[in-house]
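Below is one structure, written out as structure tokens; the observations come after it.
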Amino acid sequence: MNFTMTDDQRALVDAIESLCQDFPIDYWREQDEKAEFPHAFHRAVAAAGFLGIAMPEAQGGAGLGITEAALMMRTISASGAGMSGASAIHMNIFGLNPVVVFGTEAQKARFLPPLIEGREKACFAVTEPDAGLDTTHLKTQAVRRPGGGYVLSGRKIWISTAQVADRMLILTRSMPLEEVGKPTQGLTLFYTALDRSKVEVREIHKLGRAAVDSNMLFIDGLEVPEEDRIGEDGRGFEYILHGMNPERILIAAEAVGLGRAALRIAAQYAGERVVFGRPIGQNQGVAHPLARAWMNLEAADLMVMKAATLYDAGQPCGAEANTAKYLAAEAAHDACQNAILTLGGMGYAKEYHVERLLRECYIPRIAPVSPQMILNFVAERVLGLPKSY
Ligand SMILES: Cc1cc2nc3c(=O)[nH]c(=O)nc-3n(C[C@H](O)[C@H](O)[C@H](O)COP(=O)(O)OP(=O)(O)OC[C@H]3O[C@@H](n4cnc5c(N)ncnc54)[C@H](O)[C@@H]3O)c2cc1C
């Protein structure tokens, strides 16, 4: 494993940092306050050619690895954009991995270029109100039409960017649970148009990241052509699993960036704010939690890079990707909490941004998988303990 960036990776990070300078931290505060999608930022990332960073070159992407994508997302988040910036483009970066890996050449040619060029936005519709983390128990149905294609009906919850998305990658059940050998069978994946005449998109008002919407979807008779099915009927769960590790690595990198942003603000404030005749950062009670937050973030970042390196080398990385997601999200939370306490009353003021970062850091903690489920995974798969649920 390499602990230093290559020249190309350094150049990538420099280019992203320079792009982010056009979107200073106040931009993100305003987007949050207005609850407005950061279209200008999305356009800028697309124009600079970064939306396709991990997409195949044949479709106009840069064909780079998850390591480069993670460096990019960490840099964006660390600029002060936090999850507001990262989530605005997250789906573009690796969300369509199942299409890249399991789609036909015709599907890749049809679906990937509009996403890479920023002409289309996509959302990812897996979570359901009655299934939660128990994905195989999802109930959105895909019923085959006699003349070909499918009709979809059901409900999804928490679907991010559905207010602005043109298409959705959606996991459905096409064979009843009772009729399949294993619950993971009988699920089918589609990448299809988000036809708002058949899908009601209702926004959920939430704690943070107001700039990037999350929604309930009420799907009623959405017709989906055969050409929009990804891979084989009934094997959707396998395809989704394939993209889970990279998704966790990216979220972890975003969390590290967010924690760094909070820590930077806190350290600067602690050096400048004078109370009792000295900078507050001269008190170890203020300095030590920040030093610990830095160490936790760096340790988490190493695990992010280890997981990314393994993934790019084609090696198993489930334990590392899950661990990176867990450690990074917890470290980001710790950094945000201590940043707020360092700033005292000003930690509570929007002007200083750390309150927004704290609200946003719950997202990598909760999604796409909870800390408890990661602990379950490590206990069972790494330590060989009996399954608890
Ligand atoms: C801001 C935001 C954006 C999101 N964006 C998307 C998106 O774009 N697309 C999408 O599909 N989903 C999205 N999600 C959904 C997210 O992935 C889920 O919220 C997450 O997977 C948890 O599912 P749940 O909320 O149904 O929790 P539940 O499954 O109801 O679980 C609730 C709690 O119980 C715990 N729990 C449950 N079972 C066990 C067990 N066996 N052992 C220990 N603990 C257990 C969980 O760990 C969790 O803490 C988003 C969520 C948020 C908050």
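The values are calculated or read from the model by the stated rules, or taken from the named source; none is laboratory data. Just so it is clear, the model here is predicted, and its values are computed rather than measured. All Cβ positions, glycine included, derive from the backbone under ideal geometry; neighbour counts span all protein chains shown. Areas reflect the complete protein model, heavy atoms only, side chains present, ligands, DNA and RNA absent. Shrake-Rupley method; radii C 1.70, N 1.55, O 1.52, S 1.80 Å.
Couple of notes before you dig in:
- Number of positions in segment 32-61 that are open to solvent by 40 Å² or more (accessible area, probe 1.4 Å) and assigned to a loop (DSSP other than H, G, I, E, B): 5
- Where a residue in segment 122-139 is among the acidic types (Asp, Glu) and its partner, wherever it lies, is near the ligand (Cβ under 10 Å from one of its atoms) and open to solvent by less than 20 Å² (accessible area, probe 1.4 Å), with Cβ under 6 Å and at least six apart: Glu128/Leu138; Glu128/Lys156
- Within segment 306-389, helices (runs of 4 or more DSSP H) holding 1 or more residues that are away from the ligand (no atom under 16 Å from the Cβ) and of a type in the set (A, V, I, L, M, F, W, C): 318-343, 354-366
- Selection count where residues are within 16 Å of the ligand (Cβ to nearest atom), assigned to a strand (DSSP E or B) and surrounded by fewer than 17 Cβ atoms within 10 Å (Cβ to Cβ), scope segment 190-215: 2
- Scanning segment 93-107 for residues that are assigned to a helix (DSSP H, G or I), open to solvent by less than 30 Å² (accessible area, probe 1.4 Å) and farther than 24 Å from Ile157 by Cα turns up just one, Gln107.
- Restricting segment 218-241 to residues that are more than 19 Å from the chain's Cα centre (by Cα) and aliphatic (A, V, I, L, M), the residue that is nearest to the ligand (Cβ to nearest atom): Ile219
- Test: Ala319 is out of contact with any helix residue (DSSP H, G or I) (no Cβ under 9 Å at 6 or more places or on another chain) and more than 12 Å from Arg260 (Cα to Cα): no
- Residue that is nearest to Gln185 (Cα to Cα) [pool: residues in segment 108-140 that are open to solvent by 30 Å² or more (accessible area, probe 1.4 Å) and in contact with a Gly (Cβ under 6 Å, 6 or more places away or on another chain)]: Lys139
- Close contacts from segment 142-162, counting a first residue that is of a type outside the set (Asp, Glu) and a second that is within 16 Å of the ligand (Cβ to nearest atom) and open to solvent by 40 Å² or more (accessible area, probe 1.4 Å), with Cβ to Cβ under 6 Å and a gap of 6+ residues or different chains, come to Gly154/Lys139; Arg155/Pro129; Arg155/Phe218; Ile157/Thr127; Ile157/Pro129; Trp158/Thr127.
- Looking at Pro289, Pro246, just one residue is within 16 Å of the ligand (Cβ to nearest atom) and either among the polar types (S, T, N, Q) or closer than 29 Å to Gly85 by Cα (or both), and that residue is Pro246.
- Residue check for Ser160: in the same structural domain as Gly60 (by TED's automatic domain parsing) and within 13 Å of the ligand (Cβ to nearest atom): no
- Unique residue being open to solvent by less than 40 Å² (accessible area, probe 1.4 Å) and more than 12 Å from the ligand (Cβ to nearest atom) when the list is Leu169, Leu187: Leu187
- Of all residues in segment 108-148, those being of a type in the set (Val, Ile, Thr) and assigned to a loop (DSSP other than H, G, I, E, B) number 3.
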